[in-house]
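The values are calculated or read from the model by the stated rules, or taken from the named source; none is laboratory data. Predicted, not measured: the structure shown is a model, and the values here were computed from it. When we count neighbours, we look across all protein chains shown, and the Cβ atoms used for this are built from the backbone with ideal geometry, even at glycine. The area values use the complete protein model at the heavy-atom level, side chains included, leaving out ligands, DNA and RNA. Shrake-Rupley method; radii C 1.70, N 1.55, O 1.52, S 1.80 Å.
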Amino acid sequence: MDYLNNFFLIALPYLALAIFLIGTIFRYTSRKFQFSSLSSQFLEGRKLFYGSVPFHWGVIFVFFGHLIAFLFPGSVLAWNSQPLRLMILEITAFIFGISMLVGLINLVIRRYTTARLSPVTNKMDLIVYVLLIIQTVAGLWIAYNFRWGSSWFSTLLTPYLYSIFTFNPDITAVSLLPWPVKLHIAGAFVILSIFPFTRLVHMLVLPLNYLWRPYQQVTWYWNRKKVRSSSTPWSLQRPENT
Amino acid sequence: MDVRSQISMVFHLDKCIGCHTCSIACKNIWTDRKGAEYMWWNNVETKPGTGYPTKWEDQEVYRGGWKKSNGKVNLLGTGKRRGLTNIFYNPNLPVIDDYYEPFTYKYLDLIESPEGDDQPTARPVSLITGKPIDIKMGPNWDDDLSGTPDFGRNDPNLKNLSAEEQEVMFQLERMAFFYLPRICNHCLNPACVASCPSGAIYKRGEDGVVLINQEVCRAWRMCVTACPYKKSYYNWYTGKSEKCILCFPRIEAGLAPACMHSCVGRIRYLGVLLYDADRIESAVHKDDEDLIDGHLDIILDPFDEKVIQAAKMSGVADSTIHSAQYSPVYKYVKQWKLALPLHAEFRTLPMLFYVPPLLPVMATVKQVDNTEGGKMMNPIAKYWDDNWLYDTSTTELWGTLDQVRFPLKYLANLLSAGNEEMIKDKWKKLMAVRIHRRRVTVGDISQEKTDEVLREAGLTAEMADGIFYLTALAKFEDRFVIPPAHREQAIEMLDFTGDTKGEVGFGFKSKVKRGL
């Protein structure tokens, strides 16, 4: 049992993090053309709505929920100190989890029943679907059966994750948790390890820059105000465009 | 004044014969690939018709372009808020069926089928799935008004025409149509650039070509919605958007773009326009009726000393300024005021201009004595021995504009944001040129009448001759005045061309340092 715990809770996370970092950087720097969300809305634009929208909004809230519990465990515990607020948090999170699962199922059905989508479907898509469904079902199972997740995550899992990220892994508490929780933890790291080799990379290039850039973009090869100026005649460095 | 140069185009619709050679030239070079089969960066539509993709002009459906409301101009279906909240599902994205499902035929079946009682057939198969399909739609399905009940009658430009006017347009005896070739307009206020969340689309400063960086595009597909002309296409296979690149590799080499080079009717003109980038914003904010004037107003006179000075200050090359002075586009758009942008009301300031088609609508046939006219004709030419005249020179010349086969309003919806006077003005000019040239070559129209017609159209005899020359006789160099791309500067991005003694050699952009 110790071997398994050590493998899934210590070795796997480090392996996954290494693959994630190296793989993503490699793909971003040398395979930039392949960095795309690979939207298939153009081929099938109706059923996608019932899959993509609930899945994405679900996953965004669930992901940031986990992230907040990891980064600010104290604030989550403080929020949960009143039962009403705890209930609101748990029910909201559960609803988003359900939304994610419904979206996923719709996406899977859409992808494998629409003939036009077969040429743009690859094996990695199937693996991603399977892993995400396992992960989502496990998450919902845990949320339903081992209450209240938001509280014990902050006291049990945050220290564990913190120990992983500070290269001082401590699994004494985590190894005592029931197997669905361990499955959920291992699943997360497995997804992380295949991340660079799937279309999931598109979440790393979420275009938040769009919020503050000007609408129009015009580019010049050279700094056009200087390129013809007599004060910067032919020199070793042409006035480059910044 | 921030002077920039823009390579822009004029399409002379009177000369377009609808042969689709331009489309084929473009397709062969750029879009004959997987995922791009359905794309026609250059396409030719029959008008009235619904075009490609179907009903692209109907922004109630596609939500493209900009819209002015409460004095502010905003993207209609995209933009920062809508673009980012609809990023998981874009409710206004056209799907492949709005274009057509690309297909081929199983030609090999004709050869390889076993012997039988029936002729073997080549069944159509989808180029997406590879499975047999029933073809519902193809490129130019509505060519030459075919399928008018489904296509021609659903043209969005018929929107404010009365039922009577529409009925007249589609009577068999009175039917008329013309062709509308379309490429990317390389706009001054491009909606595709503004809508791209990744910032993958940009306008080149040197020549104004709008391009999509394939390495930055992430398939958020907002540009497809945003472009009101639907000239940004989604490659369903690579997951990247693509669009007309104005054949920039050819332009940089001094060649005309493939569609223009191959144009059989010689309808296409390409040249530089200098414009004032500081005034783009005010031009975009004009009311619908002033939009075109505002648009043409920011195009600058390349002979004006002040403009030339300002252009140099902004880094425009001397050779580009020189090209701008010889630009056929400048002549058509500014000097002669003959060309109009397509659907100016989309507010993208398109830099592709159209000379409205003058349909054979304003002439009358009457009995005259043609003996004198016949004598003046070239002896090799066919002798004109009958006594009727296809008369375009009556005093009621402009009166017949009301009886045209093509409702003015239709063309106004297409080319002048609804302003019928503007179309009338162009038609008068085109007629005046014909009358003037008829006086010169046939001589059966009096000088006074010609002068009167020219004056009314706002032309001089020299201008009319200029229009005639550029329309009918122009050679390749007259039609395409391409500014040198200064490749010698482009190569400096890779190599410093001023390498001298003591340097390490070619191939280094930065200073060469010994490693640690």
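Is at least one residue of the range A:6-18 modelled with pLDDT of 95 or more, open to solvent by 90 Å² or more (accessible area, probe 1.4 Å) and hydrophobic (A, V, I, L, M, F, W, C)?
Within the range A:6-18, one or more residues are modelled with pLDDT of 95 or more, open to solvent by 90 Å² or more (accessible area, probe 1.4 Å) and hydrophobic (A, V, I, L, M, F, W, C).
Part of a strand (DSSP E or B) and without any contact (Cβ under 8 Å) to a residue 24 or more places away in the chain, is that true of B:Tyr202?
Spelling it out, B:Tyr202 is indeed part of a strand (DSSP E or B) and without any contact (Cβ under 8 Å) to a residue 24 or more places away in the chain.
In this structure, is A:Leu101 modelled with pLDDT of 95 or more and surrounded by 17 or more Cβ atoms within 10 Å (Cβ to Cβ)?
yes
Report, by residue number, each residue of the range B:299-326 that is at pLDDT 95 or above, open to solvent by less than 20 Å² (accessible area, probe 1.4 Å) and assigned to a loop (DSSP other than H, G, I, E, B).
Selection gives B:Leu300, B:Pro302.
When you go through A:Thr172, A:Thr155 one by one, which is the residue that is in a loop (DSSP other than H, G, I, E, B) and open to solvent by 20 Å² or more (accessible area, probe 1.4 Å)?
The conditions single out A:Thr172.
Check the range A:24-37 and report whether any residue there is of a type in the set (D, E, K, R) and touching a helix residue (DSSP H, G or I) at 6+ places or on another chain (Cβ under 8 Å).
Yes, some residue in the range A:24-37 is of a type in the set (D, E, K, R) and touching a helix residue (DSSP H, G or I) at 6+ places or on another chain (Cβ under 8 Å).
I'd like to check something: does the range B:201-210 contain any residue that is of a type in the set (Lys, Arg), in contact with a Leu (Cβ under 7 Å, 6 or more places away or on another chain), on the phi > 0 side of the Ramachandran plot and within 11 Å of chain A (Cβ to nearest Cβ)?
no
For A:Phe167, state whether it is open to solvent by less than 50 Å² (accessible area, probe 1.4 Å) and either in contact (Cβ under 8 Å) with a residue 24 or more places away in the chain or of a type in the set (A, V, I, L, M, F, W, C) (or both).
no
Pairs please, first residue from the range B:213-225 and farther than 17 Å from B:Tyr202 by Cβ and within 7 Å of another protein chain (Cβ to nearest Cβ), second anywhere and open to solvent by less than 10 Å² (accessible area, probe 1.4 Å) and assigned to a loop (DSSP other than H, G, I, E, B), Cβ atoms under 6 Å, 6+ apart in sequence or on different chains.
B:Ala219/A:Ser36; B:Ala219/B:Gly239; B:Arg221/B:Asn90
State all residues of the range B:231-263 that are among the charged types (D, E, K, R) and either within 11 Å of chain A (Cβ to nearest Cβ) or in contact with a strand residue (DSSP E or B) (Cβ under 8 Å, 6 or more places away or on another chain) (or both); if no residue qualifies, say none.
Correct list: B:Lys231, B:Lys240, B:Glu242, B:Lys243.
Listed here are the residues, each with its yes/no results for (1) closer than 27 Å to B:Ala324 by Cα; (2) without any contact (Cβ under 8 Å) to a residue 12 or more places away in the chain; (3) assigned to a strand (DSSP E or B).
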| position | (1), (2), (3) |
| --- | --- |
| B:Arg4 | yes, no, yes |
| B:Phe11 | yes, no, yes |
| B:Asp14 | yes, no, no |
| B:Lys27 | no, no, no |
| B:Trp30 | no, no, no |
| B:Ala36 | no, no, no |
| B:Thr50 | no, no, no |
| B:Lys55 | no, no, no |
| B:Glu60 | no, yes, no |
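Within the range A:22-41, does at least one residue satisfy the condition of being open to solvent by 60 Å² or more (accessible area, probe 1.4 Å), touching a strand residue (DSSP E or B) at 6+ places or on another chain (Cβ under 8 Å), within 12 Å of chain B (Cβ to nearest Cβ) and not basic (Lys, Arg)?
yes
Could we say that B:Thr148 is of a type in the set (S, T, N, Q), within 14 Å of chain A (Cβ to nearest Cβ) and open to solvent by less than 80 Å² (accessible area, probe 1.4 Å) here?
Judged against the criteria, B:Thr148 is not a match.
Mind checking which pairs have a first residue in the range B:77-106 that is at the interface with chain A (Cβ under 7 Å from one of its Cβ atoms) and a second that is in a loop (DSSP other than H, G, I, E, B) and charged (D, E, K, R), Cβ under 8 Å, 6 or more apart or different chains?
Pairs found: B:Asn90/B:Arg221; B:Leu93/B:Arg221; B:Val95/A:Glu44.
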